[in-house]
Structures are given as structure tokens and as C-alpha cells.
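Participant: Here it is, the structure in full.
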Amino acid sequence: MKKNIFILVASLWCVFMACAKVDFEIDPVYERAEITGVELYNQNLNRADQSASINSEAGTISIVLRGGEDITRLKMAVTASTGVTISPSMSAGLQDFSQPKTYTITSPNGTVTKQWTISVQ
């Protein structure tokens, strides 16, 4: 009998919780699509960039390479807002940065999307 009462109470609790309205607000602190840091590495995994300039308002990043680095064989590492998705993926191995590349950064809940253009010279 106790087992049946427990099952009934557990079932009612599950039904109640399934019907309960979940009311929450997304904290805007987490809904950002920013790149806050960037580093380039050569095929030997040595640091290849000399400097990087990030313009958040314009969504642009300009990177100057150290002398002698091959612009067509670089790996990029970025620091971005928590939980973002980046498209296309930046972890595609060695990439050719001889032309500017554009990436789309989307906040965790998809409420903020921002285009970023990265130029390397």
C-alpha cells in the first residue's frame, strides 16, 4: 500500500512539475558575441603574430605577423564571450589568411549575432 501511495504522489509531482510555468529572464551579460583576444601560430606551433588590434564596434580584427611567417599556413586561437558558437569553425587546422576572413559569432541563446572580419598582414 505504501508503495502505491508513493507512486501516486511521485506521479502527481511529475505532472505538476511538467505543467508548471518556467519564468526566467536571460541575463544580458551572457548574451554577447564578442571576440576579446586573438593569437596566430605557425605550423610549428610558435607564436606568429606581432600585434593584434580589435575594434569591437566595427567587428574587425587586424593582425600583423612577425617577419618571415607564412600567411598561408597559420592556426588561430581566439578568446570570445562565454558560450558562443563560431561559424565557420576556427579550429580547421592550418589556414590561409592571405585574404580577410569573416566569421559569425552567435551568443549562447542566439539573441545576438555579430559578423567579425579578420585581416592578417
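Participant: In debye, nearest 20: dipole of segment 28-120 around its Cα centre with unit charges on the Cβ of K, R (+) and D, E (-)?
Facilitator: The calculation lands at about 100 debye.
Participant: Taking amide H atoms as placed 1.01 Å from N in the peptide plane, list the residues 5 or more away in sequence, or in a different chain, whose amide H sits under 5 Å from that of Ala80.
Facilitator: Thr36
Participant: For q values of 0.15, 0.20, 0.23 Å⁻¹, compute log₁₀ I(q)/I(0) with the Debye formula on a Cα-only model of segment 28-120, without solvent.
Facilitator: Reported log10 I(q)/I(0), two decimals: -0.55, -0.92, -1.16.
Participant: Scan around Arg66 for amide H atoms under 5 Å from its own, H built in the peptide plane at 1.01 Å from N, and keep only partners 5 or more places away or cross-chain.
Facilitator: Residues meeting the amide H criterion: Asp49, Gln50.
Participant: Say each of Asp96 and Thr36 gets a label point 7 Å from the Cα, pointing the same way as Cα to Cβ; how far apart are those two points in nm?
Facilitator: Computed distance between label sites Asp96 and Thr36 equals 3.4 nm.
Participant: For segment 58-69, just list the computed ³J(HN,Hα) in residue order, Karplus coefficients 6.51, -1.76 and 1.60, θ = phi - 60°, integers in Hz, with x standing in for Gly and Pro.
Facilitator: So the J values, rounded to whole Hz, are 8, x, 10, 9, 10, 10, 9, 7, 5, x, x, 7.
Taken together, the values in this text are just the output of simple stated rules run on the coordinates, not laboratory data. Not measured: the values here are computed from a predicted model. Here the Cβ is made from the backbone with ideal geometry for all residues, glycine too, and neighbour counts use every protein chain on show.
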